[in-house]
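Only one structure is covered here, and it is reproduced in the block below.
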């Protein structure tokens, strides 16, 4: 089943303003990532169109949507499942949504790296110790350790992220 264009156009046109950005969620779109989330967070008004089953009439893609975004290379039963992922990733980047505006600066993908490992108390759990540097009180050394851990984790677990950053730098 393909969704008809009439009801979709009517719904979007009833909401759309000059400041609206209309995003169709679908498998043919650009793959959603942190840089797209940042760009969308700067928009004044987002309208997300969520397809269902086989998607939407292609005239929606051609004449209504400003862009198409995919959350990954897999198939869902409908775009309504993908929409909250985009809403959450975008909303947390809007000033005032998170309590501390710096709270997302060190997180995974903020600088193209995975976040460093996190530890809590107790200092020793089942014989596994918190790295001593984190207990040292030396904030400069802790920052350096965190950066090195982020770089190492990214290289080992997500080398594709490093390749993406290098590709972006070459294009600049």
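Please treat every number below as a calculation from the coordinates, not as lab data. Only a predicted model underlies this, so the values are computations on that prediction, with no experimental measurement involved. Every residue, glycine as well, gets a Cβ built from its backbone with ideal geometry; the counts of neighbours run over all protein chains shown.
Listing for the model above:
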quantity	calculated
Distance from region 58-100 to region 148-163 (C-alpha centre basis), Å	26 Å
Residues listed by number, region 27-54, amide nitrogen under 20 Å from residue 66 label point at 7 Å toward C-beta	27-51
Whole-number D in µm² s⁻¹ for region 5-91, Kirkwood Cα-pair radius fed into Stokes-Einstein, 4 °C, 1.567 mPa s	99 µm²/s
Length added when fully stretched, residue 83-residue 10, from 0.36 nm per residue minus Cα-Cα	24.3 nm
Potential extension, residue 94-residue 17 segment - 0.36 nm per residue separation minus Cα distance	25.7 nm
Efficiency of FRET from Cβ geometry, residue 75 and residue 124, R₀ 45 Å, rounded to 0.05	0.45
Theoretical FRET efficiency, 1/(1+(r/R0)^6), r = Cβ-Cβ of residue 34 and residue 138, R0 35 Å, to 0.05	0.70
Relative contact order (percent, whole number), the chain, Cα cutoff 8 Å, 6+ residue spacing	21 percent
Label corresponding to P(r) over Cα pairs in 10 Å bins from 0, in percent when calculated from the structure given, among (i) 8, 27, 29, 20, 11, 5, 0; (ii) 8, 26, 33, 22, 8, 3, 0; (iii) 8, 24, 24, 15, 11, 8, 6, 3, 1, 0	(i)
